[in-house]
1. Quick one: LEU138 ticks every box in (1) more than 29 Å from MET379 (Cα to Cα); (2) modelled with pLDDT under 90 bar one, so which box is it?
2. Given (1) assigned to a helix (DSSP H, G or I); (2) outside the structural domain of GLU299 (by TED's automatic domain parsing), where does ASN239 come up short, assuming only one miss?
3. Among the residues of segment 118-135, is any surrounded by 15 or more Cβ atoms within 10 Å (Cβ to Cβ), in contact with a Pro (Cβ under 8 Å, 6 or more places away or on another chain), on the phi < 0 side of the Ramachandran plot and free of Cβ contacts under 8 Å to residues at least 40 places away in the same chain?
4. For ASN284, which of the numbered conditions (1) farther than 20 Å from LEU209 by Cβ; (2) modelled with pLDDT of 85 or more; (3) of a type in the set (S, T, N, Q) fails to hold?
5. Do we have any residue at all in segment 137-146 that's surrounded by 17 or more Cβ atoms within 10 Å (Cβ to Cβ) and more than 29 Å from ILE218 (Cα to Cα)?
6. Would you point out which residue out of LEU9, LEU2 is modelled with pLDDT under 90, within 28 Å of ALA121 (Cβ to Cβ), among the aliphatic types (A, V, I, L, M) and out of contact with any Pro (no Cβ under 6 Å at 6 or more places or on another chain)?
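The values are calculated or read from the model by the stated rules, or taken from the named source; none is laboratory data. It should be emphasised that the depicted structure is a prediction, and the values quoted were computed from it without experimental measurement. So basically every Cβ, Gly included, is an ideal-geometry build from the backbone, and we count neighbours across all protein chains shown.
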Amino acid sequence: MLSNCTKNLLNLKDLIVKSVKNFKNSVEVYAELPISEQVCPYCGTYTSKIHDYYTQPIKDIPIHFKPTTIFLKKTRYECKNCSKSFYPQNDFVAKYNRKSKRLVYYIVDQLKNNIAASTIAKNLNIDAGFISKMLPYLSITNSSLPRVLCIDEFKGNSGKFKYQVALLDGETHKIVDIIECRHKHFLCSYFKKFPKEQLDNVKYLVTDLWEPYKDIGITYFRKAKIVADHFHWARYVCNALDKIRIEVQSNLPKSERKYFKHSRYLLHTRRCKLKENRYDELENILINYSENLRIAYREKECLLDIIHSSDSAEIKKNQFTEWVKRNLESSVPQLVECAKTYQHWAYEIKNSLEVPFSNGPIEGINNKIKALKRTTFGMTKFENFKARIMLLN
């Protein structure tokens, strides 16, 4: 029998370790369960009569990065009262299983990393199908909603739909749930399941400028403020500026077109963040090429100044209202179109100017999901994909 030191090192305190064989590509541990008086599961009588023995190979966590198998000698007892035989339950391996409980926990821990299930299975010398069967049990739907709920879609291509929806706690930045589809009737079916108390618990719903999310917020989260994410609404003025730049560029002779193409960085970078040696280059572009481009750049800078201003929320709201009014009457069509969008989402945008919440954390989760998709080469089953995403927390 091995020493207690070896047994503790292998963390097999409930087993009696007989021997350990360390091969080139694997490790084998021979152990048995201690013999003790048992309670018959059929009649409840105490018995210590042994019926026979059975050695069962059990997959375990790797030792020295090698797949490990424990050959467990199990004792089958016989009841003196009802004459039925049984194996006693133990904390090391579940009934009818061929893999130890701690191996299952180890697999779940590995699934939290950006690793393909096939790679985990190969390292542990187990069938990848076992991990696939585990994943649906880890795909848990949340039963509560946070105070700040962020919602955004991502391209998952999982199940029958192209886009899935991620829900995030805006304060803890933890994933709340993953919805299979972004279609409005799917979202309605999902939020209908929550009681009124849970829906009323949501005080802020942070979203991009997509109409169905706004409708969901109005319908189900009646006590919540709908907040438009800063990035998603600020990019509209940047897109308007870019449209003008492309229009100007298309009318330039070929010799100037290549130079002007590189002006995108100058036009999109905030003036306060530009290096001093590039100010002249920016002024040259704004003065010499297009009056519309100069106006659009000025309005872009003005709007970003409002967003990043340290003024009170009321002042910023008034400044935003003035910006919209001014550009609704602008001579630049692209700015008029942008201002109309802002006018439609005015309430949600003004809410974003008074609270610190945004969809920035959920965009970070979306990047992790993209990385997971590349590693796993995509996942066709939505439940499995959802489980992997939920484990990213």
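1. Every listed condition holds for LEU138 apart from (1).
2. (2)
3. Looking for residues that are surrounded by 15 or more Cβ atoms within 10 Å (Cβ to Cβ), in contact with a Pro (Cβ under 8 Å, 6 or more places away or on another chain), on the phi < 0 side of the Ramachandran plot and free of Cβ contacts under 8 Å to residues at least 40 places away in the same chain, one finds none in segment 118-135, hence no.
4. Status for ASN284: all satisfied but (2).
5. Going residue by residue through segment 137-146, those that are surrounded by 17 or more Cβ atoms within 10 Å (Cβ to Cβ) are 139, 145-146.
From what's left, more than 29 Å from ILE218 (Cα to Cα): none.
Checked segment 137-146: no residue is surrounded by 17 or more Cβ atoms within 10 Å (Cβ to Cβ) and more than 29 Å from ILE218 (Cα to Cα).
6. Values: LEU2 fails: within 28 Å of ALA121 (Cβ to Cβ).
Being modelled with pLDDT under 90, within 28 Å of ALA121 (Cβ to Cβ), among the aliphatic types (A, V, I, L, M) and out of contact with any Pro (no Cβ under 6 Å at 6 or more places or on another chain) holds for just one of LEU9, LEU2, which is LEU9.
For every residue, the table says whether it meets (1) loosely packed, with under 11 Cβ neighbours inside 10 Å; (2) touching a residue at least 60 places away in the same chain (Cβ under 8 Å); (3) in contact with a Phe, Trp or Tyr (Cβ under 9 Å, 6 or more places away or on another chain); (4) over 30 Å from VAL355 (Cβ atoms).
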{"position": "SER263", "(1), (2), (3), (4)": "no, no, yes, yes"}
{"position": "LYS275", "(1), (2), (3), (4)": "yes, no, no, yes"}
{"position": "TYR279", "(1), (2), (3), (4)": "no, no, no, yes"}
{"position": "ALA296", "(1), (2), (3), (4)": "no, no, no, no"}
{"position": "GLU299", "(1), (2), (3), (4)": "no, yes, yes, no"}
{"position": "ASP311", "(1), (2), (3), (4)": "no, no, no, no"}
{"position": "GLU314", "(1), (2), (3), (4)": "no, no, no, no"}
{"position": "SER331", "(1), (2), (3), (4)": "yes, no, no, yes"}
{"position": "GLN334", "(1), (2), (3), (4)": "no, yes, no, no"}
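Rundown of residues vs (1) touching a strand residue (DSSP E or B) at 6+ places or on another chain (Cβ under 9 Å); (2) in the same structural domain as GLU301 (by TED's automatic domain parsing); (3) outside any helix (DSSP H, G or I); (4) basic (Lys, Arg), yes/no style:
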residue	(1), (2), (3), (4)
ARG326	no, yes, no, yes
GLN334	no, yes, no, no
GLU348	yes, yes, no, no
PHE357	yes, no, yes, no
